[in-house]
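Next up is a structure, given as structure tokens.
The values are calculated or read from the model by the stated rules, or taken from the named source; none is laboratory data. Every value quoted in this text rests on a predicted model; they were computed, and no experiment measured them. Neighbour counts run over all protein chains shown; Cβ positions are idealised from the backbone, glycine included.
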Amino acid sequence: MKHPTISLPRLIGHRGLSSQAPENSLSAVRAAHQAGIDWVELDIQLLGDGTPVIWHDLDVSRCSDGRGSLRRYDWSQACTLDTGSWFGDHFSGERMASLEAMLALVVKLDMGINLELKVNKGRDPIALVKSVLPRLMQVLSPQRLIVSSFNQVALAHARQYADASQLALGALFGSVPGDWHYQCQAMDAFSVHVHWPRLKRPQAQAIAQAGYPLICYTVNDPSAFAPRWGWGVTSVISDDPTRFKIPIT
Ligand code: G3P
Ligand code: MG
């Protein structure tokens, strides 16, 4: 199966450069760019009014001065939240990033994104895909986008918007399941994304031998991870890629 020609870097920023700026914010993406990181992983969900926003948690408490479930907010309310002060005074006044604002920034900086369709408990994967996929494909070139998810329904629905030559899908796993290859073939996956402490060497080798880029998350201990590069790992997603003593791209 033909895929977009994606030149994956060894190191990808997790939620932007989330060690140095509030996760999933415009500042975190700018910080990644300034550090020489070309690709970032970001999470996307819908607000209560259907606005797509770059956000990880089910609620807003951890990463803003607000309280309650993300879906209780519409865009005008979400815009009033301070999403930076929790991280540091320097980021006071940071606002939640809409998909539109994030896409504009990523295009301006000529970066690539691994957008994770974050289907938290009780949320509708189809509504998320319907809202996000058309706009993503309109704005980003296929060489600059990987859409991933833990949610199989979301990935299967995303595939309906474009075939494998136009849209790279990432199969996202905690542990690699026994039927990983079947799942990847069913969705014409481009890449396999795995929680690195649970990855076993034979699994890594099988994934690499089958021709899938293998992306490990979230790797913040370069020394502990080091032997795994030899297992066929393509890239790591890290809160702080600058810790790695390997070329960033
Ligand atoms: O996409 C890799 C990683 O981000 C998945 O876990 O919870 O950090 O979104 P989480
Ligand atoms: Mg994520």
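Within the range 2-39, which residues are in contact with a strand residue (DSSP E or B) (Cβ under 7 Å, 6 or more places away or on another chain) and not in a loop (DSSP other than H, G, I, E, B)?
Matches in the range 2-39: L11, I12, G13, H14, L26, V29, A32, W39.
Turning to a different aspect of this structure: If you take the residues of the range 95-121 that are without any contact (Cβ under 8 Å) to a residue 60 or more places away in the chain and of a type in the set (G, A, S), which of them is nearest to ligand 1 (Cβ to nearest atom)?
That would be S98.
Restricting to the range 18-42, name every residue that is within 21 Å of S7 (Cα to Cα), touching a residue at least 24 places away in the same chain (Cβ under 8 Å) and not aliphatic (A, V, I, L, M).
R30, H33, G36, D38, W39, E41
Another question, if that's okay. Which of (1) among the aliphatic types (A, V, I, L, M); (2) under 22 Å from G16 (Cβ atoms); (3) outside any helix (DSSP H, G or I) is the odd one out, the single condition A171 does not satisfy?
(2)
Please verify whether H56 is away from ligand 2 (no atom under 14 Å from the Cβ) and either buried (at least 18 other Cβ atoms within 10 Å of the Cβ) or among the polar types (S, T, N, Q) (or both), treating the condition exactly as stated.
no
Hey, can you tell me all the residues within the range 102-121 that are in a loop (DSSP other than H, G, I, E, B) and of a type in the set (S, T, N, Q)?
N120
Would you mind finding the one in V233, V192, V219, V176 that is closer than 25 Å to K118 by Cβ, touching a residue at least 12 places away in the same chain (Cβ under 8 Å), in contact with a Leu (Cβ under 6 Å, 6 or more places away or on another chain) and in a loop (DSSP other than H, G, I, E, B)?
Answer to the selection: V233.
Sticking with this structure for a sec: Which residues, taken from the range 40-93, are within 16 Å of ligand 1 (Cβ to nearest atom), charged (D, E, K, R) and in a loop (DSSP other than H, G, I, E, B)?
Matches in the range 40-93: D57, R62.
Continuing with this model, one more query. Working carefully through the options V153, V119, find the one that is under 14 Å from I44 (Cβ atoms) and not aromatic (F, W, Y).
Matching residue, one of V153, V119: V119.
Now, a different point. Of all residues in the range 106-123, which are closer than 15 Å to R71 by Cβ and surrounded by 14 or more Cβ atoms within 10 Å (Cβ to Cβ)?
Matches in the range 106-123: K118, V119, N120, R123.
Can you tell me how many residues in the range 172-211 are of a type outside the set (G, A, S), within 15 Å of ligand 1 (Cβ to nearest atom) and surrounded by 15 or more Cβ atoms within 10 Å (Cβ to Cβ)?
Of the residues in that region, 10 qualify.
Can I ask one more? Exactly one of (1) surrounded by 22 or more Cβ atoms within 10 Å (Cβ to Cβ); (2) in a loop (DSSP other than H, G, I, E, B) is unmet by Q166. Its number?
(1)
Can you confirm whether the range 1-17 contains a residue that is within 13 Å of ligand 2 (Cβ to nearest atom), at pLDDT 95 or above and either of a type in the set (S, T, Y) or surrounded by fewer than 24 Cβ atoms within 10 Å (Cβ to Cβ) (or both)?
There is no residue in the range 1-17 that is within 13 Å of ligand 2 (Cβ to nearest atom), at pLDDT 95 or above and either of a type in the set (S, T, Y) or surrounded by fewer than 24 Cβ atoms within 10 Å (Cβ to Cβ) (or both).
Does A208 fit the bill of being touching a strand residue (DSSP E or B) at 6+ places or on another chain (Cβ under 7 Å) and not in a helix (DSSP H, G or I)?
The answer is no for A208.
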